[in-house]
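Let me begin by presenting the structure, written as structure tokens, before commenting on it.
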Amino acid sequence: MKSKIFPIILFIIFTIVFIVFYLGLKNSNIYTPEKNVEENIPSFQVKKFASKDIINSNQIFNGDNYYLLNIWASWCVPCKTEHKYLMNLSKEKNIKIIGLNYKDSSKNAKIFLNELNNPYDLILSDQDGIISIEWGAYGVPESFLIHKNNIIKKIIGPINQKKLIEIKGLIK
Amino acid sequence: MSSSIGYYSLVFGLGVSFFIFFFSFKNFYSPLKFDSKIISFVFLQFIFVIISFFGLILSFVNSDFSNETVFNHSHTSKPLFYKISGTWGNHEGSLLLWLLVLTLFIFLFLLRSKDQPKQYRILTVLFQQIIIIGFFVFLLKTSNPFNYIFPVPKEGLGLNPILQDPALAIHPPMLYLGYVGTSVIFSSALAAICSNYISKLWAQHVKEWVLISWIFLTLGILLGSIWAYYELGWGGFWFWDPVENVSLMPWLALTTLLHCILVLEKKPILTSWVVILSISTFALSMCGTFLVRSGILNSVHTFANDPERGLFILIFLFILIFLSFFIFLFFYKKDTQNIKSFFWLSKETSILINNWFMMYFLSVVLIGTTYPIFLEVISSEKISVGPPFYNMLIAPFLIPFLFAMAIGPRLKWIKSDIEGKFYLLLFLIISIVLSLLIVKNLDINFLLNTILLTAALYLFFITLRDFVTKKSQNLSQNLAHFSFSVLILSILLNNIFSYEIITNLKINESYKSEKLKISFESIEQEDKQNFKSIVGKFVIEEFDGDVETMKPELRIYNQPNIVTSEADIKINIFHDKFMTMNYVQNQDYFNIRYQLKPFMIWIWISTIMLSVSGLLSFIQKNHEK
């Protein structure tokens, strides 16, 4: 009898370990949990990426439209993975995607967009990274969903399928 | 081109498995002797994997960015050496390396087991094939190193600069040789259970694989540790980081296994230990791969974080565990004839005691590493387990462990008495006095440190005496225990006597403490092949007259854009002087970190000696044949 209990216990232990590891896999450990913040967007002046004209922030975010401010760079690896979701999102009518090109050389950024297509309605350039600091960004990529001059959602890290569906739900 | 060759040769390699299975089964039930076709097919499989591996290396060397792996991890401006080492510096390539070593080892196993029973050899090949197929499928399905991208990018994303380092270029292959070596032990243990061949003969045969894995694992861990010491810029050599722990666990299990095999080689006892340890060593290696590659843990090694990959390894790992579990239950027959109670004062008991201590250390590390995962799943609370946990739980138990290491080898098999061993007492007294002198005036935990030092010194003296008197017949064992005592001693003294200064300095400023003065003299910039280098010049005057110039460096890599800090280390046999600098955001100040680390080099030297002792034992074994 004793010799049978031991294997059964061991078997149960292994099974529990398996289940815990399996569940652990689903909690991604990589990014800090996203914050839901309702706050006014900072106002700033910024150079346009294409023409190098200076533009004021209240000229960009106006009215009832939804905006997604996406901080990106060509050297940033996760930006590549989120790119296809941005392309997908750019097909939506009621959202404008604003790219903020973070500490990047404009040559590399152009190559990046030529290769992977351009999902942005407008691209701003943030050579020294100061605007991103004003927005309270943790790093690249990072995205802010904006409605009526409020940040209604902040996404730290790359956009994925789940986040994309969430954004689409919010702007409906 | 080389990518498609690589891919197809992988597919062919998987196909060969089918033939190996076919001929193995055919041969297994036939009365004929071992079929050499099996060896040929195993060799063929190895050749296919090697072609595939060279295909990947070639893609890296040619910077063929149509290959996704190359695109993600290489860059044209990288030096050739790092292009090549980039091959295994990423998830896909490193798995290909795993597979390469797996197939190489089973081929070598067949070559070196010609005098073993036929059924045992065939079963080993079969079990190894199960593992090999698992890895083939894993590679092809979830982490294909030969994925094609179109349109072809003009430039790659670059290898993470902190991985661009000579120690790190050979660290993964070393570690893998160790990890994968345990797979051979695993397969052959299962085969030996099935064919009822757990015996002295088997122990003598499998010992060389245990030794090989152990040597490589030791060196692999050492290289990783050296790299962490000078590259990560924290000035430590072991951080109890989950990934380090994951390599330490198989090492502990393997070390225990090595001792049990040494016993089994002489006398048919401890067989259950050997079998269970053989299985768990490999399970722990696989578990390590799982924990690192699935992204379930956060650490310096976060490579690829793809839950699909994690799931695959997890399922595969548990299939292997359950398989070995059932084989153990159904086939393993305990040889009851040989179970005699050991006399309490004998070599066996002291090895058994050490086994239990090893198991204790192993469980501490295992719990410390996996507990955060369990906690997060059950209560979604995030914690991380740090060095205090390990120090507190491991240090006190090191004491009896060290004593057992000192006395154990001096006992005879089965039964000993303590006559004529009064020198044991003499050395004990010397060690106590010495450690009291060392610890006396220091502001540290007096009792624990004194006893720990005593135990380490005791082992040191006793093993040293054996070198001098040449009484020990077993040189490799003595060298191993001696090196271990040096390792523990240098870690202890390093811990006790280290000090560090952290401060912010501008050019031409200086910092004074009780012991020394640091002056920031100047700064130089230079453009290198794939990074910009900023070198600071510091003069350190110690008030006892010692003057040293230190030049820590900052490297700003262009692809990808990352700043790394290169420590300047001045090494001599008594201490290391270690200095790093870092930017302070938007200011002229640099953050300076200066450390004096006594006996640092002895930590490396003793670990190398430890591997040498393993090598020595390996040579002795082959010499006897």
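What's the total number of residues in segment B:86-106 that are assigned to a helix (DSSP H, G or I) and closer than 19 Å to B:S66 by Cα? Let's see the steps before the verdict.
Within segment B:86-106, the first condition is being assigned to a helix (DSSP H, G or I), and the residues that meet it are B:91-106.
Next, from what is left, pick out any that are closer than 19 Å to B:S66 by Cα: B:91-93, B:96.
Counting residues in segment B:86-106 that are assigned to a helix (DSSP H, G or I) and closer than 19 Å to B:S66 by Cα gives 4.
For B:T271, state whether it is buried (at least 20 other Cβ atoms within 10 Å of the Cβ), at pLDDT below 90 and either over 26 Å from A:I16 (Cβ atoms) or among the charged types (D, E, K, R) (or both). Please lay out each step first, then the result.
Working: buried (at least 20 other Cβ atoms within 10 Å of the Cβ): yes; at pLDDT below 90: yes; either over 26 Å from A:I16 (Cβ atoms) or among the charged types (D, E, K, R) (or both): yes.
In short, yes.
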Can you name the residue in segment A:65-101 that is in contact (Cβ under 8 Å) with a residue 24 or more places away in the chain and in a loop (DSSP other than H, G, I, E, B) and, of all such residues, is nearest to the other protein chains (Cβ to nearest Cβ)? A:W75
Members of segment B:177-203 that are surrounded by fewer than 24 Cβ atoms within 10 Å (Cβ to Cβ) and either farther than 25 Å from B:F28 by Cβ or touching a Cys at 6+ places or on another chain (Cβ under 8 Å) (or both): B:L177
Would you please list the contacts, defined by Cβ atoms under 6 Å and residues six or more apart or on different chains, that run from a residue in segment B:307-329 that is at the interface with another protein chain (Cβ under 9 Å from one of its Cβ atoms) to a residue that is hydroxyl-bearing (S, T, Y)? B:G310/B:S294
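Looking at segment B:39-60, is at least one residue under 16 Å from B:L157 (Cα atoms) and of a type in the set (S, T, Y)? Show your work before the answer.
Applying the first criterion (under 16 Å from B:L157 (Cα atoms)) to segment B:39-60 yields B:59-60.
Retained after the next criterion (residues that are of a type in the set (S, T, Y)): B:59.
Yes, segment B:39-60 contains a residue that is under 16 Å from B:L157 (Cα atoms) and of a type in the set (S, T, Y).
From the set of residues in segment A:102-155 that are β-branched (V, I, T) and more than 21 Å from A:G169 (Cα to Cα), which is farthest from the other protein chains (Cβ to nearest Cβ)?
Our first condition is that a residue be β-branched (V, I, T); within segment A:102-155, this holds for A:111, A:123, A:130-131, A:133, A:140, A:146, A:151-152, A:155.
Checking which are more than 21 Å from A:G169 (Cα to Cα) leaves us with A:111, A:123, A:130-131, A:133, A:140.
On the way: A:I111: 7, A:I123: 19, A:I130: 10, A:I131: 15, A:I133: 10, A:V140: 11 Å.
Taking the candidates together, the pick is A:I123.
Here is a yes/no grid of residues against (1) among the hydrophobic types (A, V, I, L, M, F, W, C); (2) free of Cβ contacts under 8 Å to residues at least 12 places away in the same chain:
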{"site": "B:I523", "(1), (2)": "yes, no"}
{"site": "B:D527", "(1), (2)": "no, yes"}
{"site": "B:I534", "(1), (2)": "yes, no"}
{"site": "B:K537", "(1), (2)": "no, no"}
{"site": "B:E542", "(1), (2)": "no, no"}
{"site": "B:D546", "(1), (2)": "no, yes"}
{"site": "B:M550", "(1), (2)": "yes, no"}
{"site": "B:E553", "(1), (2)": "no, no"}
{"site": "B:V563", "(1), (2)": "yes, no"}
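A quick yes/no check of all residues on (1) more than 26 Å from B:P161 (Cβ to Cβ); (2) modelled with pLDDT under 85:
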residue: B:E514; (1), (2): yes, yes
residue: B:K517; (1), (2): yes, no
residue: B:F520; (1), (2): no, no
residue: B:E524; (1), (2): no, no
residue: B:N530; (1), (2): no, yes
residue: B:G536; (1), (2): no, no
residue: B:I540; (1), (2): yes, no
residue: B:F543; (1), (2): yes, yes
residue: B:D546; (1), (2): yes, yes
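Yes or no, residue by residue, for (1) without any contact (Cβ under 8 Å) to a residue 40 or more places away in the chain; (2) assigned by TED's automatic domain parsing to the domain that holds B:K506:
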| residue | (1), (2) |
| --- | --- |
| B:T580 | no, yes |
| B:Y583 | yes, yes |
| B:D588 | no, yes |
| B:N591 | no, yes |
| B:Q595 | no, yes |
| B:I605 | no, no |
| B:L610 | no, no |
| B:S613 | no, no |
| B:S617 | no, no |
Exactly one of (1) surrounded by 20 or more Cβ atoms within 10 Å (Cβ to Cβ); (2) closer than 14 Å to A:N70 by Cα is unmet by A:L164. Its number? (1)
When the residues of segment B:285-296 are narrowed to those that are touching a Ser or Thr at 6+ places or on another chain (Cβ under 8 Å) and part of a helix (DSSP H, G or I), which ends up modelled with the highest pLDDT? B:S285
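Let's see how each residue does on (1) more than 24 Å from the chain's Cα centre (by Cα); (2) modelled with pLDDT of 85 or more; (3) on the phi > 0 side of the Ramachandran plot:
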{"site": "B:Q337", "(1), (2), (3)": "yes, no, no"}
{"site": "B:E348", "(1), (2), (3)": "yes, no, no"}
{"site": "B:N355", "(1), (2), (3)": "no, yes, no"}
{"site": "B:V364", "(1), (2), (3)": "no, yes, no"}
{"site": "B:Y371", "(1), (2), (3)": "no, yes, no"}
{"site": "B:P388", "(1), (2), (3)": "no, no, no"}
{"site": "B:A395", "(1), (2), (3)": "no, yes, no"}
{"site": "B:F401", "(1), (2), (3)": "no, yes, no"}
Looking at (1) within 11 Å of chain B (Cβ to nearest Cβ); (2) touching a helix residue (DSSP H, G or I) at 6+ places or on another chain (Cβ under 8 Å); (3) at pLDDT 75 or above, which one does A:N27 not meet, given that it meets all the others? (3)
So which of B:L95, B:L123, B:L104 is within 25 Å of B:N196 (Cα to Cα) and touching a residue at least 24 places away in the same chain (Cβ under 8 Å)? B:L123
When the residues of segment B:41-72 are filtered to those that are of a type in the set (F, W, Y) and assigned to a helix (DSSP H, G or I), which remaining residue is nearest to the other protein chains (Cβ to nearest Cβ)? B:F71
Give the residues of segment B:297-317 that are at pLDDT 70 or above and either more than 18 Å from B:G89 (Cβ to Cβ) or assigned to a loop (DSSP other than H, G, I, E, B) (or both), sorted by residue number. B:E308, B:G310, B:L311, B:F312, B:I313, B:L314, B:I315, B:F316, B:L317
Note: among B:Y179, B:Y197, just one is within 20 Å of B:P250 (Cα to Cα), at pLDDT 85 or above and hydroxyl-bearing (S, T, Y), namely B:Y179
Could you list, in sequence order, the residues of segment B:429-449 that are in a loop (DSSP other than H, G, I, E, B) and closer than 21 Å to B:F397 by Cα? B:I444, B:N445
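For segment B:410-426, which residues satisfy the criterion of being at pLDDT below 80 and not in a loop (DSSP other than H, G, I, E, B)?
Residues satisfying the conditions are B:R410, B:F422, B:Y423, B:L424.
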Filtered residue count, segment B:210-236, keeping only those that are surrounded by 22 or more Cβ atoms within 10 Å (Cβ to Cβ) and among the aromatic types (F, W, Y): 3
Set B:T103, B:T124, B:T182, B:T142: member being at negative phi, among the polar types (S, T, N, Q) and within 14 Å of chain A (Cβ to nearest Cβ): B:T142
Is it the case that segment B:4-22 has a residue that's touching an Asp or Glu at 6+ places or on another chain (Cβ under 8 Å), part of a helix (DSSP H, G or I), in the same structural domain as B:F105 (by TED's automatic domain parsing) and surrounded by 20 or more Cβ atoms within 10 Å (Cβ to Cβ)? no
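The values are calculated or read from the model by the stated rules, or taken from the named source; none is laboratory data. None of the values given here were measured: they were computed from a predicted structure. Every residue, glycine as well, gets a Cβ built from its backbone with ideal geometry; the counts of neighbours run over all protein chains shown.
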